[in-house]
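Each remark here refers to the structure printed beneath this line.
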Amino acid sequence: MEEGDAVDVGIRSQESAVTAPVQRPVQASERAVIHLEKVHKVYHMGDIEVHALRGVSVGIQRGEFVAIMGPSGSGKSTMMNIIGCLDRPSKGHYFLEGVDVSTVNKSGLADIRNQKVGFVFQSFNLVPRTSALENVELPLIYAGVGAKERLRRAKEALADVGLSDRERNMPNQLSGGQQQRVALARALVNNPSLILADEPTGALDTRTSTEVMEIFQRLNEERSMTIVIVTHEPDIAQYAKRIIQFRDGRIHQDVAVDNRKNASKVLQQLPVEVEDEDE
Amino acid sequence: MNFIAILKVAGRALGRNKLRTALTMLGITIGVGAVIVLVSIGQGAQAMVLDQISSMGSNMMYVMPGNLNFGGAALGAGAANSLTDEDVAAMEREIGTIRAASPVVNASGQLVFGNQNWFVRMQGTNQRFPEIRSWRVEQGDFFTDSDVRSAARVIVLGKSVAEKLFPGVDPIGETIRVRNLPFRVVGVLSAKGQSMVGQDQDDTAVIPYTTAQRKLLGQQIPSINQAMVSSISQEATGVTQRQITELLRQRHKIGPGESDDFMVRNMTDAAATFTQLTTIMTLLLGSIAAISLVVGGIGIMNIMLVSVTERTREIGIRMAVGARPNYVRLQFLTESIVLSLMGGVIGILIGGAIAALVSNRLGWPTLVSGLSVLVSFAFATVIGIFFGYYPAHKAAALDPIEALRYE
């Protein structure tokens, strides 16, 4: 549970000698997709107050590919929930495409998630007993898109992740990698400003992980989509352009990736398996 | 929002666990079925009573001579000879809301034909009898105006009497003896069956009232037992009753403050009482059945709560990709309504079948009315909304972060 992780934060932050956080100067520029201003998040667990975020300020521009890293309890999950509009800051402001979402109500947040955020989760989170195509259609249904247009766009998104031949399959008839790609198609289908992935490769083996990262990189390059992934695997973070390290509810480090890995090249070097899902 | 999409998801959710869905529906099916069966029995009884009442005559009233005080002793209703055939003629002539009126003179006696005989309570009336009692002549004709004026010895037999006296013989034109006087049979009335109190209404015969007065009873001063009056409509019976009272008080020279020497009995009042009685019965039966409907609704609520818990993660996913809380609420509400409506439709079908079976096998009259179907349908919907609301609200109030983590 989030609260459990966050308790450590309070205890640890007292003693650990914080290395001077390397933070970029934040500018609320026009191009910023994400802009956080002194964001705090406090959870109440009975009488205990848990300070999960302690004044985070950061900006992420259009077309960036950011990996958020940090030990468990560092506040990265809370950060992710706030960026994804699943939660609101206790204090401070969060601007998504210039709109302050700190004070939006539940329905409003749902609409913002629907229009501007595409989620990819560690455990895929596809609706069970519902075909791949229908899973991808889901955000469009809530966006009020007509049936015909919905079908066209869902098919297109599935084709983008290379699953045109799996439209009618149920999630339990798909491999982990395929399920994650369906989830990716679902995240893409409403053309969001931001794709937010929480440990997207956590449940996948090396090869399928690389395949998924390849899709992320391709979307980032070809469509200059803004991508934020939360991961604890340094390997995976190396596919991003920028890494933000969290520690004790604060940004500990924010650096550009030097030796950025190219997923498609890595894939070529990987030994070819017999039952290859990716053609 | 897309209602087809909502229905599709609802259908899939209900189809996932068919046994559970069927059992939950069964609760509503039994409730609605019971409402349909019991209300149809109640309404059947009501229809039968109304039928009986209308068989007494159309918008009928009886006017009876009143009480006679004889040396301080009240001799009771009908004792006075205060009502005459002129009174009846005046009523018909002067009161616009009267369609037809006839004096009634009661006579009884042994009817004999060949070696058959039968004791009959006869009614002496004028030629308007079939119209007033809405009683068709099945064979032959009713006697005429001139028969009444000439006090002709003609008789119209009730169905039962005709069957007793003329087994296998056509009675029309035959002569029978009534108290040893020859009467010509001119007609036979259609069968009317039992009255509400179980009397055979067809065990009767009708003769001109003049004949009864002069030939059978040999009255020196002709008198009548009562008058029967048919009003032009049911609504007009009240007015007719008041006008009769007014007219008769005037004709009998009754001053203000003095009591009437006659009584008007409005059969519509009796009808209203009986209708009220059967309505109460129907409501009582219906509400007993409605209790089982409520129990069925609780079953729906129970299952919907289970469903919300089971699908917590799915709810979280839907919320994450942009389902508003209201949409989630509507989704679950739709599921409970679909559940109760399907149960309701099956209940209506089964209830209708059982009602048909009851009237077939037990001979009870039943009536499955459009209204009772509509009401059960509406009831099932309301149950679905009422008992589905809390689970749906619970689903809508879920926090997407918590819901996504739910295992």
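Out of everything in the range B:133-151 that is of a type outside the set (D, E, K, R) and touching a Lys or Arg at 6+ places or on another chain (Cβ under 8 Å), what residue ends up being modelled with the highest pLDDT?
To start, the set of residues in the range B:133-151 that are of a type outside the set (D, E, K, R) comprises B:134-135, B:137, B:139-140, B:142-144, B:146, B:148, B:150-151.
Of the ones still in play, those that are also touching a Lys or Arg at 6+ places or on another chain (Cβ under 8 Å) are B:135, B:151.
Working: B:135: 88, B:151: 92.
Among those that are of a type outside the set (D, E, K, R) and touching a Lys or Arg at 6+ places or on another chain (Cβ under 8 Å), it is B:151.
Could you list all residues from the range B:303-340 that are more than 7 Å from chain A (Cβ to nearest Cβ), closer than 18 Å to residue A:126 by Cα and among the β-branched types (Val, Ile, Thr)?
Selection gives B:308, B:309, B:312, B:315, B:328.
Anything in the range A:103-127 that is surrounded by fewer than 23 Cβ atoms within 10 Å (Cβ to Cβ) and over 16 Å from the mean Cα position of the chain (by Cα)? List them, or say none.
Selection gives A:103, A:104, A:105, A:106, A:107, A:108, A:109, A:111, A:127.
Could you tell me which residue of the range A:168-184 is nearest to residue A:210 (Cα to Cα), considering only residues that are surrounded by 19 or more Cβ atoms within 10 Å (Cβ to Cβ) and either in contact (Cβ under 8 Å) with a residue 60 or more places away in the chain or small (Gly, Ala, Ser) (or both)? Full working, then the answer.
Initially, the range A:168-184 is screened for residues surrounded by 19 or more Cβ atoms within 10 Å (Cβ to Cβ), giving A:171, A:174, A:177-184.
Cutting the leftovers down to either in contact (Cβ under 8 Å) with a residue 60 or more places away in the chain or small (Gly, Ala, Ser) (or both) gives us A:177-178, A:180, A:183-184.
Details: A:177: 10, A:178: 13, A:180: 12, A:183: 16, A:184: 14 Å.
Ranking the candidates gives A:177 first.
Assuming residue B:245 fulfils every condition listed in (1) farther than 14 Å from residue B:91 by Cβ; (2) not assigned by TED's automatic domain parsing to the domain that holds residue B:383 apart from one, which condition is it?
With (1) farther than 14 Å from residue B:91 by Cβ; (2) not assigned by TED's automatic domain parsing to the domain that holds residue B:383 applied to residue B:245, the lone miss is (1).
Output the residue which, of all residues in the range B:150-180 that are closer than 16 Å to residue B:115 by Cα and in contact with a helix residue (DSSP H, G or I) (Cβ under 8 Å, 6 or more places away or on another chain), is surrounded by the fewest Cβ atoms within 10 Å (Cβ to Cβ). Even if it seems obvious, please write down each step before you answer.
Filtering the range B:150-180 for residues closer than 16 Å to residue B:115 by Cα gives B:161-171, B:174-180.
Then keep just the ones that are in contact with a helix residue (DSSP H, G or I) (Cβ under 8 Å, 6 or more places away or on another chain); that gives B:171, B:176, B:178-179.
Numbers: B:171: 20, B:176: 24, B:178: 23, B:179: 14.
The extreme case among them is B:179.
Quick check on this structure: which one of B:199, B:220, B:213, B:194 is crowded, with 19+ Cβ neighbours inside 10 Å and either within 30 Å of residue B:90 (Cβ to Cβ) or within 26 Å of the chain's Cα centre (by Cα) (or both)?
Working: B:199 fails: crowded, with 19+ Cβ neighbours inside 10 Å; B:220 fails: crowded, with 19+ Cβ neighbours inside 10 Å; B:194 fails: crowded, with 19+ Cβ neighbours inside 10 Å.
The match here is B:213.
So for the range A:118-133 (the condition being without any contact (Cβ under 8 Å) to a residue 24 or more places away in the chain and either of a type in the set (Gly, Ala, Ser) or farther than 18 Å from residue A:198 by Cα (or both)), does at least one residue qualify? Quick ask: steps written out before the conclusion?
Going residue by residue through the range A:118-133, those that are without any contact (Cβ under 8 Å) to a residue 24 or more places away in the chain are none.
Scanning the range A:118-133, I find no residue that is without any contact (Cβ under 8 Å) to a residue 24 or more places away in the chain and either of a type in the set (Gly, Ala, Ser) or farther than 18 Å from residue A:198 by Cα (or both), so the answer is no.
Can you name every residue in the range A:157-167 that is out of contact with any Leu (no Cβ under 7 Å at 6 or more places or on another chain), in contact (Cβ under 8 Å) with a residue 24 or more places away in the chain and surrounded by fewer than 20 Cβ atoms within 10 Å (Cβ to Cβ)? Before the answer, list the steps.
Looking only at the range A:157-167, we keep the residues that are out of contact with any Leu (no Cβ under 7 Å at 6 or more places or on another chain), and these are A:159, A:162-163, A:165.
Add one more test, that the residue is in contact (Cβ under 8 Å) with a residue 24 or more places away in the chain, and what stays is A:162-163.
The answer is A:162, and nothing else.
Taking the options A:183, A:263, name whichever one is more than 24 Å from residue A:141 (Cα to Cα) and aliphatic (A, V, I, L, M).
Details: A:183 fails: more than 24 Å from residue A:141 (Cα to Cα).
Residue meeting the stated conditions: A:263.
Which one is surrounded by the fewest Cβ atoms within 10 Å (Cβ to Cβ), of the residues in the range A:68-102 that are away from chain B (no Cβ under 13 Å), among the aliphatic types (A, V, I, L, M) and within 14 Å of residue A:231 (Cα to Cα)?
Initial filter on the range A:68-102 (away from chain B (no Cβ under 13 Å)): A:68-76, A:89-102.
If we keep only those that are among the aliphatic types (A, V, I, L, M) as well, we get A:68-69, A:96, A:99, A:101.
Still in the list and also within 14 Å of residue A:231 (Cα to Cα): A:68-69.
Details: A:68: 30, A:69: 22.
Ranking the candidates gives A:69 first.
Within the set of pairs 6+ apart or on separate chains, which have a first residue in the range B:199-215 that is charged (D, E, K, R), a second that is part of a helix (DSSP H, G or I), and C-beta atoms under 8 Å apart?
B:200/B:160; B:202/B:159; B:202/B:160; B:202/B:161; B:203/B:160; B:203/B:161
Do the conditions hold for residue A:59, that is, is it more than 10 Å from chain B (Cβ to nearest Cβ) and more than 28 Å from residue A:215 (Cα to Cα)? Full working, then the answer.
Working: more than 10 Å from chain B (Cβ to nearest Cβ): yes; more than 28 Å from residue A:215 (Cα to Cα): no.
Considered against the rule, which asks whether it is more than 10 Å from chain B (Cβ to nearest Cβ) and more than 28 Å from residue A:215 (Cα to Cα), residue A:59 comes out as no.
Find the strands (runs of 3 or more DSSP E) located wholly in the range A:44-123 whose residues include 1 or more that are polar (S, T, N, Q), and list them. Full working, then the answer.
Numbers: elements: A:48-61, A:65-69, A:91-96, A:117-120.
Result: A:48-61.
Which of the strands (runs of 3 or more DSSP E) contained wholly in the range B:189-302 include at least 2 residues that are among the hydroxyl-bearing types (Ser, Thr, Tyr)? Even if it seems obvious, please write down each step before you answer.
Details: elements: B:205-208, B:226-231, B:262-266.
The strands (runs of 3 or more DSSP E) meeting that bar are B:226-231.
Filter the range B:1-39 for residues that are over 20 Å from residue B:383 (Cβ atoms) and crowded, with 16+ Cβ neighbours inside 10 Å; which is farthest from the other protein chains (Cβ to nearest Cβ)?
Step one: list which residues in the range B:1-39 are over 20 Å from residue B:383 (Cβ atoms), which gives B:1-5, B:8-9, B:12, B:15-19.
Of the ones still in play, those that are also crowded, with 16+ Cβ neighbours inside 10 Å are B:2, B:5, B:9.
Numbers: B:2: 5, B:5: 5, B:9: 8 Å.
Ranking the candidates gives B:9 first.
Condition test on residue B:362, is it in the same structural domain as residue B:41 (by TED's automatic domain parsing) and closer than 30 Å to residue A:135 by Cβ? Before the answer, list the steps.
Working: in the same structural domain as residue B:41 (by TED's automatic domain parsing): yes; closer than 30 Å to residue A:135 by Cβ: no.
The answer is no for residue B:362.
Quick test for you: out of B:387, B:379, pick the one residue that is aromatic (Phe, Trp, Tyr), more than 29 Å from residue B:312 (Cα to Cα) and either away from chain A (no Cβ under 14 Å) or not in a helix (DSSP H, G or I) (or both).
Numbers: B:387 fails: more than 29 Å from residue B:312 (Cα to Cα).
Step by step, each of B:387, B:379 is checked, and only B:379 is aromatic (Phe, Trp, Tyr), more than 29 Å from residue B:312 (Cα to Cα) and either away from chain A (no Cβ under 14 Å) or not in a helix (DSSP H, G or I) (or both).
I'd like to check something: does the range B:393-406 contain any residue that is in contact (Cβ under 8 Å) with a residue 24 or more places away in the chain, surrounded by 17 or more Cβ atoms within 10 Å (Cβ to Cβ), within 14 Å of chain A (Cβ to nearest Cβ) and not aliphatic (A, V, I, L, M)?
yes
Considering B:123, B:110, B:127, which residue is assigned to a loop (DSSP other than H, G, I, E, B), under 23 Å from residue B:217 (Cα atoms), polar (S, T, N, Q) and touching a residue at least 12 places away in the same chain (Cβ under 8 Å)?
Numbers: B:123 fails: assigned to a loop (DSSP other than H, G, I, E, B); B:110 fails: assigned to a loop (DSSP other than H, G, I, E, B).
The match here is B:127.
Against the conditions (1) part of a helix (DSSP H, G or I); (2) surrounded by fewer than 19 Cβ atoms within 10 Å (Cβ to Cβ); (3) of a type in the set (Gly, Ala, Ser); (4) within 18 Å of the chain's Cα centre (by Cα), where does residue A:187 fall short? Just the number, please.
(2)
The values are calculated or read from the model by the stated rules, or taken from the named source; none is laboratory data. Just so it is clear, the structure is predicted and the values come from calculations on it, not from any experiment. Ideal geometry is used to build each Cβ from the backbone, glycine not excepted, and the neighbour counts take in all protein chains shown.
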